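The values are calculated or read from the model by the stated rules, or taken from the named source; none is laboratory data. In this text, all values refer to a predicted model and were calculated from it rather than measured experimentally. Neighbour counts are summed over all protein chains in view; Cβ atoms, including those assigned to glycine, are modelled from backbone coordinates with ideal geometry. What goes into the accessible areas is simple: the full protein's heavy atoms, side chains included, and nothing from ligands, DNA or RNA. Shrake-Rupley method; radii C 1.70, N 1.55, O 1.52, S 1.80 Å.
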Amino acid sequence: MTSVQVPTRRAVVAGMIGAGVSLAMPAARLGAASGPPPFGTIRHQFTLVQGARPVPQVAILALAGGALDLTSFKGRLVLANFWATWCAACRSELPMLDRLAASGRSDLAVIAVSTDRNRALVAPYVKQLKLRHLAIGFDPGGLVSRVDAAELDTPFALYGMPISFLIGVTGQVEGYMTGEADWLSAEASGLFDYYAGGELGAQQSP
């Protein structure tokens, strides 16, 4: 059986450097007429995935028990956030994602997946941050996400930490955002509205 290597901090940094070679394009460059509205920060922009890919059919162990299946949300948007307890930006972003999960938006599911090697660190960390609404999952062995996505058939390449992937209503990864972002902003809401309306899929259909 092939061993699975868990991403290290150094590997994640290396992945961030290598992010420029991905087949992707910042949404801001496309313009609202031909793509989603721009969303980003001073350092990062929401980046479209060229050739949307379906999410892997892998069960993610859930902190609350049972498993999370990313393929079970078709018809809804999913914001899948990958984070770690050692990540300073994650500490700021997770409470924001918790508020987004509690916002009552029925067409959006928010899932936060820990990549920590030591799962025992996660529950106390979640309790300390008072995260009560987020669905928390574990991926310590890189079954769903990898720094080097070429080693695994997954659209979840860890180009940075944190990193959030937006899964469209058809169950395909449409784009990603590296770094901490304001997911409660009007710009983020506009991004969700765009994909919830299926506008991109309508443009790409034959």
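Taking the stretch 24-40 as the search range and keeping residues that are at pLDDT below 80 and under 17 Å from S185 (Cα atoms), which one is surrounded by the fewest Cβ atoms within 10 Å (Cβ to Cβ)? Going through the qualifying residues, I end up with A28. Restricting the search to strands (runs of 3 or more DSSP E) fully inside the stretch 94-198 and requiring at least 1 residues that are open to solvent by 10 Å² or more (accessible area, probe 1.4 Å) gives 108-114, 135-138, 172-178. For the stretch 104-135, residues that are in contact with a strand residue (DSSP E or B) (Cβ under 9 Å, 6 or more places away or on another chain) and under 23 Å from F46 (Cα atoms) total 12.
For the stretch 80-91, indicate whether the set of residues that are under 23 Å from Y195 (Cα atoms) and not small (G, A, S) is non-empty. For the stretch 80-91, residues under 23 Å from Y195 (Cα atoms) and not small (G, A, S): present. Against the numbered list (1) closer than 27 Å to A186 by Cα; (2) among the hydrophobic types (A, V, I, L, M, F, W, C); (3) in a loop (DSSP other than H, G, I, E, B), L79 comes up short only at (3).
So, T8, is that one at pLDDT 85 or above, hydroxyl-bearing (S, T, Y) and open to solvent by less than 70 Å² (accessible area, probe 1.4 Å) or not? In short, no. Of all residues in the stretch 45-57, those satisfying the criterion of being open to solvent by less than 40 Å² (accessible area, probe 1.4 Å) and either part of a loop (DSSP other than H, G, I, E, B) or at pLDDT 85 or above (or both) are F46, T47, L48, V55, P56.
None of V169, V126 is in contact (Cβ under 8 Å) with a residue 60 or more places away in the chain and farther than 25 Å from V49 by Cβ except V126.
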